[in-house]
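Right, one structure below, let's go through it.
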Amino acid sequence: MKKLFVKTYGCQMNAYDSAKMADLLAPLGYAATDAPDGADMVILNTCHIREKAAEKVYSELGRLRTLKAEKARSGGRMVLAVAGCVAQAEGEEIVARQPAVDLVVGPQSYHRLPEMIARAAREQGHALETDFPALEKFDSLPEPSGTSISAFLTVQEGCDKFCTFCVVPYTRGSEQSRPPQAILREARQLADKGAREIVLLGQNVNAYNGEDWSLARLCDAIAQIEGIRRIRYTTSHPRDMGDDLIAAHGKNPKLMPYLHLPVQSGSDAVLEAMNRQHSHDDYRRLVDRIRQARPDIALTSDFIVGFPGESDADFEATLQLVGDIGYATAFSFKYSKRPGTPASTMRKQIPEDVKTARLDALQKLLLKQQYAFDDSQIGKVLPVLFEKSARDKGQIMGRTPYLQPVHVHADSALIGQVADVRIERRTANSLHGVLA
Ligand code: SAM
Ligand code: SF4
């Protein structure tokens with residue numbers, strides 16, 4: 001057996017792709033290992049969304065070059081591959097900056113890894129694939145070899161929205177939806193292997209329109225699959241939140257009351273400059289409609305602070321929106337200049353210290369809301385889907401419908417099942433309870 005080490009950066013779609021790459025290389029004799037030392041192949045599955053994420057890849061490559069040289073001294077060969085969005089965005093530049101890299105493969109081309117490995121070995125050179133062959137990739141991927149209780153399933157890729165700060169339309173290409181029957185087949189395979197929750201993934205998952213099916217219809221069909229207890233989807237764009245999807249949150253009992261619906265900013269001037277194509281008021285009205293369909297829904301969002309031109313008043317509007325909506329949890333980032341995007345050349349870039357202060361203030365408010373939301377569950381009995389053993393002996397870990405982690409002293413036979421848990425207390429990152 002050859003040893004394969006895959007390191008994943010960034011979003012859940014990358015996590016899905018990494019698992020697929022491992023499945024793809026298994027027939028070539030590669031088995032996953034959890035450290036790069038001595039590995040025969042190392043894949044860095046990279047993220048280009050913010051500058052820091054992209055830079056981490058180069059420092060990691062520096063460390064790997066040393067390991068590769070050590071392996072060569074002992075007569076072996078380590079194939080070094082860069083996959084994901086940095087590969088797509090920087091292509092040959094990666095090899096120029098770090099010649100130890102053998103393969104560069106974009107997110108739409110990794111199904112060609114086996115032939116690329118052969119090519120690089122034959123020619124003792126570098127192989128590069130960064131085409132956008134649309135949906136060809138999915139047709140070439142093998143069945144999932146295993147699964148966790150909660151399994152990712154990519155249904156849609158790419159984006160046509162062109163928010164002015166974002167690289168995704170350039171690195172992942174235009175919006176493409178997989179055919180529903182291929183998705184249902186994969187969901188059935190995952191259920192057969194033990195998945196009890198399916199998390200549908202897409203850069204704009206609610207823009208899903210494979211063969212004119214909507215995401216709501218897809219969720220209804222997945223709900224019919226034996227063994228599947230829960231369905232989630234992420235990430236949604238406010239503009240693609242269709243009436244039937246909103247209604248599905250009230251009608252489909254397997255669709256969990258949790259929605260990641262990024263707003264980015266509470267200021268109309270900033271939303272306009274970001275090309276989000278909705279106002280803060282559109283977003284508020286949308287949230288009202290969603291809460292009418294499913295009053296207990298937990299909402300989460302992404303925020304960017306320090307977008308070019310963001311004034312103190314603009315930032316205050318974001319705090320105001322957060323205060324009014326009330327989030328269960330959320331991600332927030334400092335604006336990061338991405339080469340080639342319109343915002344990177346906008347005037348009035350915001351100084352770093354202002355961005356830091358704003359991020360700090362926003363994160364304090366969001367954390368307060370998160371704790372308040374978590375505390376509001378104390379004393380309640382919630383259905384928890386158990387996913388795995390916890391670090392503490394005798395404890396297992398699961399999630400509430402609102403995606404909160406819960407730790408319970410219980411038999412590991414409950415893993416894969418939904419059981420009622422009385423929530424007793426909260427620690428910084430988890431709820432704790434007893435079987436009810
Ligand atoms: N499609 C989703 C949407 O529009 O809400 C978001 C997908 S993006 C991969 C995830 C998040 O990264 C965005 O919601 C945004 O908050 C953040 N992000 C993207 N580009 C960024 C940038 N240049 N600087 C800081 N954060 C960024
Ligand atoms: Fe990026 Fe999301 Fe905007 Fe598309 S909709 S450009 S993925 S932030």
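The values are calculated or read from the model by the stated rules, or taken from the named source; none is laboratory data. Since the structure is predicted, the reported quantities are computational estimates derived from the model, not experimental observations. When we count neighbours, we look across all protein chains shown, and the Cβ atoms used for this are built from the backbone with ideal geometry, even at glycine. We work out accessible area using only protein heavy atoms, side chains counted, and drop any ligands, DNA or RNA first. Shrake-Rupley method; radii C 1.70, N 1.55, O 1.52, S 1.80 Å.
For the range 70-203, just run the numbers: alpha carbon Rg, then divide by 2.2 N^0.38 Å, N being how many residues it has.
This ratio for the range 70-203 stands at 1.22.
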Phi to ³J(HN,Hα) by Karplus 6.51 cos²θ - 1.76 cosθ + 1.60 over the range 300-315, Hz, x for Gly, Pro: 9, 8, 10, 10, 10, 10, x, 4, x, x, 5, 8, 4, 5, 4, 5
Pairwise centroid distance, computed over Cα atoms, of the range 303-328 with the range 359-436, Å: 29 Å
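Carbon and sulfur atoms: what percent of the 1.4 Å accessible area of the range 8-105 do they account for?
Details: 2040 of 4000 Å².
So the carbon and sulfur contribution to the accessible surface is 51 percent.
Report, in listed order, any pair from LYS68/LYS337; LYS56/LYS193; LYS20/LYS161 with a Cα-Cα distance greater than 30 Å. It would help to have the intermediate numbers written out before the result.
Working: LYS68/LYS337 32 Å; LYS56/LYS193 35 Å; LYS20/LYS161 27 Å.
Exceeds cut-off: LYS68/LYS337; LYS56/LYS193.
Suppose all protein chains stay in the model; what accessible area per residue would a 1.4 Å probe give for the range 1-154, in Å²? If you can, show how the numbers build up before the last one.
Numbers: 6690 Å² over 154 residues.
About 43 Å² of surface per residue is accessible.
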The range 303-375 - convex hull of the alpha-carbon atoms, volume per residue in Å³: 80 Å³
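Give me the percent of Cα-Cα pairs in the range 104-170 that sit more than 16 Å apart, rounded to a whole number.
Numbers: 1374 of 2211 pairs.
Looking at the range 104-170, the distances longer than 16 Å represent 62 percent of pairs.
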The chain: Cys lacking any partner C-beta under 4.7 angstrom: CYS11, CYS47, CYS85, CYS159, CYS219
Å² per residue, accessible surface of the range 247-291 at 1.4 Å: 38 Å²
Sulfur and carbon atoms: percent of accessible area, the range 365-426 [1.4 Å]: 49 percent
Fraction of accessible area attributable to carbon and sulfur, the range 136-225 (%, probe 1.4 Å): 43 percent
Per-selection Kirkwood Rh - the range 1-82 (Cα, Å, 1 d.p.): 13.1 Å
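When the Kirkwood radius is taken over all Cα pairs of the chain, what Stokes-Einstein diffusion coefficient follows at 20 °C and 1.002 mPa s, in µm²/s?
Numbers: Rh = 23.2 Å.
In µm²/s, the coefficient is 93.
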The range 61-146 pair-distance distribution - Cα-Cα, 10 Å bins, rounded %: 17, 44, 30, 9, 0
Computed [θ] at 222 nm, deg cm²/dmol, the chain (DSSP H ≥ 4; -39,500 (n - 2.57); rounded to nearest 500): -11000 deg cm²/dmol
Residue with peak Gaussian network fluctuation, the chain [Cα springs, cutoff 10 Å], from ALA72, ALA54, ALA273: ALA72
Cα extents of the range 321-436 along the three principal axes, largest first (Å): 58, 30, 22
Efficiency of FRET from Cβ geometry, GLN292 and GLN12, R₀ 35 Å, rounded to 0.05: 0.80
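Near LEU64, within a Cβ-to-Cβ distance under 12 Å, what is the net charge of the other residues, with Lys and Arg +1 and Asp and Glu -1?
Working: positive: LYS7, ARG63, ARG65, LYS68, LYS71; negative: ASP37, GLU60, GLU70, ASP102.
Summing Lys and Arg as +1 and Asp and Glu as -1 gives +1.
What full-extension length gain, to one decimal in nm, is calculated for LYS388 and ASP34 as 0.36 nm per residue of separation minus the Cα-Cα distance?
On the way: separation 354, 0.36 × 354 = 127.44 nm, distance 1.87 nm.
Gain on extension, LYS388 to ASP34, equals 125.6 nm.
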16 Å Cα-Cα reach of LYS355 towards aspartates and glutamates, excluding residues that sit fewer than 8 places from it in its own chain: GLU51, ASP302, GLU310, ASP312, ASP314, GLU316
Per residue accessible area in Å² of the range 325-388, where ligands, DNA and RNA are left out and the probe is 1.4 Å: 53 Å²
Within the range 365-436, percent of DSSP bridges classed antiparallel, to nearest 5: 85 percent
Most positive-pole-ward Cα, VAL305, THR33, VAL322, against dipole of the chain from beta carbon charges: THR33
Debye equation applied to the C-alpha atoms of the range 148-218, log10 I(q)/I(0) at 0.14, 0.18 Å⁻¹: -0.46, -0.70
